[in-house]
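Enquirer: Below you will find the structure I want to go over with you.
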Amino acid sequence: MPGPKRIVLLILDGAADRPDNGETPLSSASTPGLDTLARHAICGVHYPVGKGVAPESDLATLSILGYNPEEYYTGRGPLEALGVGLEIREGYEVAFRANFATVDPSTRRIIDRRVARSLTSPEAKELAKALDGMRLGSTGYARVKATIGHRAVVIIGDREHKLSAMVSNIDPAYERRGLISVAVRNPEMVLPRCKPLLSSKEAEYTCKLVDEFVEKAIEILDNHPVNLERAKRGLLKANAILLRDAGEKPPRLPPIASVLGLSPAAAIAEMPVEIGIAVAAGMKYYSVPPPTGNHERDLPVRLEATIKAYRDGHRFIYVHLKGPDEPGHDGDFEGKKRAIELIDKLFIQPLIELIDLNETAVIVTSDHATPWRVRAHADDPVPWMASWKGLSTSPGRFDEQTCLATGRTVEYGWQLLRSIAKELGVTQ
Ligand SMILES: O=C(O)[C@@H](CO)OP(=O)(O)O
């Protein structure tokens, strides 16, 4: 039988977890759709960026799509900026992923690095407007754009002086190692100062602008009417902005078709960073509204976009669903299990009825583990499953322990698709 002609790659953000008395949200979730896919499948585990790396979503996703991060990664900030259509003036601007957060201005203690996920996008847009265009030093400036919930993009620039992305994170939850950031377990929640990651005048000057921006932002935000109103309603103030994952330019990627020879390629993604990755990889991005927090409302919309991409003839379709990650960060086992069950019920079950599984392989995995007991990204191995009607094998079900037990370990996420395509004999 010739191999599959098409691939649908489904990344369940943060769905992987750490077995606890044998159970994980994935293993305990009711997943008839994944169980059906498991009937004709192979599965294993992979290390999205490599052993010992607790990656952020962007780094992990870039790797899983087949791009070796060591060769291509340029920082999350530029991907977030690309995802919301912000250009970077290379050499004189540096883009950061940002979080609106709550701090105690007198002690710089971080009370909540996401404002308890209570900030609405309209509120964030108001606050971003108050910071956008801020002048820094004599020739520096900040460009600020709110994205989804507590998230934003901040571009620090200078009209005359060159800047550098080699600066530390102003966010204790993620530690910089060169251009990549890794999640920190139990970070000390105090607002840090910027440190140059290499001794260059550009990095030192960039840190000077960054520290000035962070300080001025607290003054502006703490007294902003949006926050005064929030405080009146007993809500946390969004009175600080954390910066992480500086980058000077988006990655220059060979088109995704060069990874597996499958084109055209499409992407259905809901967060700016994954949209940025899709654009950088030359995929046709099928726009969906931002997540509303109501999975019952959001998932059918994502399914509809996926089926449209399929019917438009795309041979590689990358779908990124955010659901399970947030309850993982919030230490919510049941919430994470529920998010997985809803993806199965409202996305996977209808999907496999609407596509041809004789010609299409469905690959399901996660970008990283967000173990609910850890409440952060972790470096655990991540399960993957490749399902196709031409396979006569079955792992029984798709979960962390079943896929670990097969012994099919892929050392680096960027090798995953190629190894699956080879084993299934994907038709170029
Ligand atoms: O954006 C998010 O959902 C997460 C992970 O990418 O970041 P943070 O932990 O800052 O909320």
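The values are calculated or read from the model by the stated rules, or taken from the named source; none is laboratory data. As the structure is a computational prediction, the values presented were derived from the model and not from experiment. Methodologically, a virtual Cβ is constructed for each residue, glycine included, from the backbone with ideal geometry; neighbour enumeration extends over all protein chains shown. What goes into the accessible areas is simple: the full protein's heavy atoms, side chains included, and nothing from ligands, DNA or RNA. Shrake-Rupley method; radii C 1.70, N 1.55, O 1.52, S 1.80 Å.
Enquirer: Name the single residue, out of those in region 273-297 being open to solvent by less than 10 Å² (accessible area, probe 1.4 Å) and part of a helix (DSSP H, G or I), that is farthest from the ligand (Cβ to nearest atom).
Expert: So the first thing to find is which residues in region 273-297 are open to solvent by less than 10 Å² (accessible area, probe 1.4 Å), and the list is 273-274, 276-278, 281.
So of that shortlist, the ones also part of a helix (DSSP H, G or I) come out as 273-274, 276-278.
Numbers: Val273: 7, Glu274: 10, Gly276: 13, Ile277: 13, Ala278: 16 Å.
So the residue we want is Ala278.
Enquirer: What's the number of the condition Leu357 fails, among (1) within 20 Å of Pro2 (Cα to Cα); (2) in a strand (DSSP E or B); (3) of a type outside the set (Asp, Glu)?
Expert: Result: Leu357 fails condition (2) only.
Enquirer: I'd like the full set of residues that are closer than 22 Å to Lys337 by Cα and in a loop (DSSP other than H, G, I, E, B), limited to region 23-46.
Expert: Let us first name the residues in region 23-46 that are closer than 22 Å to Lys337 by Cα, namely 23-39, 43-46.
Passing the criteria: Thr24, Ala29, Ser30, Thr31, Arg39.
Enquirer: I would also like to ask the following. If Asp20 passes every condition in (1) outside the structural domain of Val226 (by TED's automatic domain parsing); (2) open to solvent by 10 Å² or more (accessible area, probe 1.4 Å); (3) of a type outside the set (Lys, Arg); (4) at pLDDT 95 or above but one, which one does it miss?
Expert: Condition (4) is where Asp20 drops out.
Enquirer: Based on this model, can you work out whether Leu424 counts as more than 15 Å from Thr365 (Cα to Cα) and not acidic (Asp, Glu)? Reasoning before the result, please.
Expert: Numbers: more than 15 Å from Thr365 (Cα to Cα): yes; not acidic (Asp, Glu): yes.
Yes.
Enquirer: Which members of region 249-272 meet the condition of being crowded, with 24+ Cβ neighbours inside 10 Å and more than 15 Å from the ligand (Cβ to nearest atom)?
Expert: Ile256, Ala265, Ala266, Ala267, Ile268
Enquirer: Right, another one. Output the number of the condition that Arg375 fails; it satisfies all remaining conditions of (1) in contact with a Gly (Cβ under 6 Å, 6 or more places away or on another chain); (2) basic (Lys, Arg); (3) in contact (Cβ under 8 Å) with a residue 60 or more places away in the chain.
Expert: (3)
Enquirer: Within region 49-76, can you find the residues that are more than 13 Å from the ligand (Cβ to nearest atom) and either open to solvent by less than 10 Å² (accessible area, probe 1.4 Å) or without any contact (Cβ under 8 Å) to a residue 12 or more places away in the chain (or both)? Before the answer, list the steps.
Expert: Initially, region 49-76 is screened for residues more than 13 Å from the ligand (Cβ to nearest atom), giving 49-53, 62-75.
The answer is Gly50, Leu62, Ser63, Ile64, Leu65, Gly66, Tyr67, Glu70, Glu71, Gly75.
Enquirer: Could you please find all residues in region 96-139 being under 25 Å from the mean Cα position of the chain (by Cα) and acidic (Asp, Glu)?
Expert: Correct list: Asp112, Glu123, Glu126, Asp132.
Enquirer: Do the conditions hold for Lys308, that is, is it surrounded by fewer than 17 Cβ atoms within 10 Å (Cβ to Cβ), among the charged types (D, E, K, R) and over 17 Å from the mean Cα position of the chain (by Cα)?
Expert: Working: surrounded by fewer than 17 Cβ atoms within 10 Å (Cβ to Cβ): yes; among the charged types (D, E, K, R): yes; over 17 Å from the mean Cα position of the chain (by Cα): yes.
Considered against the rule, which asks whether it is surrounded by fewer than 17 Cβ atoms within 10 Å (Cβ to Cβ), among the charged types (D, E, K, R) and over 17 Å from the mean Cα position of the chain (by Cα), Lys308 comes out as yes.
Enquirer: Pick from Arg114, Arg108: which is within 16 Å of the ligand (Cβ to nearest atom) and not aliphatic (A, V, I, L, M)? Full working, then the answer.
Expert: Working: Arg108 fails: within 16 Å of the ligand (Cβ to nearest atom).
Going through Arg114, Arg108 in turn, the sole match is Arg114.
Enquirer: Now for a different question. Out of all the residues in region 88-116, which are in contact with a helix residue (DSSP H, G or I) (Cβ under 7 Å, 6 or more places away or on another chain) and either open to solvent by 40 Å² or more (accessible area, probe 1.4 Å) or over 23 Å from Glu326 (Cβ atoms) (or both)?
Expert: Ile88, Val94, Ala95, Pro105
Enquirer: Outside the structural domain of Thr120 (by TED's automatic domain parsing) and farther than 28 Å from Tyr174 by Cα: is that true of Leu260 in this structure? Outline the logic, then answer.
Expert: On the way: outside the structural domain of Thr120 (by TED's automatic domain parsing): yes; farther than 28 Å from Tyr174 by Cα: yes.
It is true that Leu260 is outside the structural domain of Thr120 (by TED's automatic domain parsing) and farther than 28 Å from Tyr174 by Cα.
Enquirer: Moving on to the next point. Take Arg159 and tell me if it is at positive phi, at pLDDT 95 or above and either surrounded by fewer than 20 Cβ atoms within 10 Å (Cβ to Cβ) or over 23 Å from the mean Cα position of the chain (by Cα) (or both).
Expert: Working: at positive phi: no; at pLDDT 95 or above: yes; either surrounded by fewer than 20 Cβ atoms within 10 Å (Cβ to Cβ) or over 23 Å from the mean Cα position of the chain (by Cα) (or both): yes.
Spelling it out, it is not the case that Arg159 is at positive phi, at pLDDT 95 or above and either surrounded by fewer than 20 Cβ atoms within 10 Å (Cβ to Cβ) or over 23 Å from the mean Cα position of the chain (by Cα) (or both).
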